[in-house]
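Each remark here refers to the structure printed beneath this line.
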Amino acid sequence: MEHADLIVCREVSLGYEGQSVLNHLNLRVQGGDYLCVVGDNGSGKSTLLRGLLGLLPPLAGSIWRAAELERGAVGYLPQQTRAQRDFPATVEEVVLSGCLSQKGLRFFYSAAQRSRALMNLGKLGVLELRRSSYRDLSGGQQQRVLLARALCAAGRLLILDEPVTGLDPAAAQDLYKTLRYLNKEEGMAVVMVTHDLRPALRDAGTVLHIGHGGTFLGSPAEYLASPYGRRFKEAAE
């Protein structure tokens, strides 16, 4: 079950108002995968995530999603806006909102959903903040709360868009460590857009580079041996 297909892209082109920004992409995401999406600014990385989430229909090709994802069982951690950072709610309320897709017509959250929210807060080491105001937390604490929220929605897949933007190095490393645990120990598939290449190459099983000159898909070792990866390797030396 772990390695069953979750998302399959076949010759996919994505864009807006008929203008494609990403062309002829073939991609398969399976249970337990750790895929890092890297590349040039404006090359279509966030556009790809919108397509994987079903928020943007392809201009060409097809995107198949497992039935559980069509029902909303995917955890999504977008880039935060300033307004979202100042959201006036308690930590517990923010995390519980990740259960909205499972709430149905019920007015209140179920005991099981509340238990799941508290469990995910505990898993991410912020349970003691449950009654705190979200807007009063540090950037690293907010990202942990949002990741707990995403886990409430997730069945077997987390999709993250630049999750360490604005975090100090220690908070970023904590977040990467948590993602590594969720992937390796709990079998959660991770798809992450990032500019932070070093941890991406350390943790990912697969790297997708999207550039204005084309795309590359392969292992971290294959990426470093490619023209795209060689540029990064030379810059690091």
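The values are calculated or read from the model by the stated rules, or taken from the named source; none is laboratory data. Predicted model only: the values in this text are computed from it and were never measured. Note that we place each Cβ from the backbone using ideal geometry, even for glycine, and neighbour counts take in every protein chain shown. Ligands, DNA and RNA are excluded from the accessible area calculation, which covers all protein heavy atoms including side chains. Shrake-Rupley method; radii C 1.70, N 1.55, O 1.52, S 1.80 Å.
Overall, the accessible surface of region 169-221 at a probe of 1.4 angstrom is composed of carbon and sulfur to the extent of 52 percent.
A straight chain from LEU55 to GLU128 at 0.36 nm per residue would run longer than the Cα-Cα distance by 22.8 nm. Treating r as the C-beta distance of LEU100 and SER62 and R0 as 41 Å, the FRET efficiency rounds to 0.90. The value of relative contact order for the chain, using C-alpha pairs under 8 Å at least six residues apart, is 25 percent.
Taking the Kirkwood radius as the inverse of the mean 1/r across Cα pairs, report the Rg/Rh of the chain. Ratio of gyration radius to Kirkwood radius: 0.97. Per residue, the accessible area of region 80-214 comes to 48 Å² when a 1.4 Å probe rolls over the protein heavy atoms.
Our summary gives region 141-237 a relative contact order of 19 percent, counting only alpha carbon pairs under 8 angstrom and 6 or more residues apart. In this simple spin-label model, placing a label point 7 Å from the Cα along the Cα-to-Cβ direction at both ALA89 and SER115 gives a separation of 2.3 nm.
Give, to the nearest whole percent, the P(r) tail of region 111-237 beyond 22 angstrom, counting all Cα pairs. Summing the P(r) of region 111-237 above 22 Å gives 43 percent of all pairs. Over the residues of the chain, the helix contribution to mean residue ellipticity at 222 nm works out to -11000 deg cm²/dmol, using -39500 (n - 2.57) for each DSSP H run of at least 4. Packing here is the average count of other Cβ atoms within 10 Å per residue, and on that basis the peptides 153-161, 206-214, 137-145, 180-188, highest first, run 153-161, 137-145, 206-214, 180-188.
Spin-label pair ASP168-ASN41: with each label point 7 Å from Cα along the Cα-Cβ axis, the two points sit 2.6 nm from one another.
Applying a DSSP loop filter and a limit of 13 other Cβ atoms within 10 Å to the GluC sites (Glu not before Pro) in region 1-81 leaves GLU2, GLU17. Amide hydrogen proximity for GLY155: with H placed 1.01 Å from N in the peptide plane, the residues at 5 or more positions away or on another chain lying under 5 Å are VAL74, GLY75.
The portion of the accessible surface of region 1-137 made up by carbon and sulfur, rounded to a whole percent, is 53 (1.4 Å probe; DNA, RNA and ligands excluded). Computed from the C-beta positions of ARG10 and HIS212 and an R0 of 30 Å, the FRET efficiency is 0.85 to the nearest 0.05.
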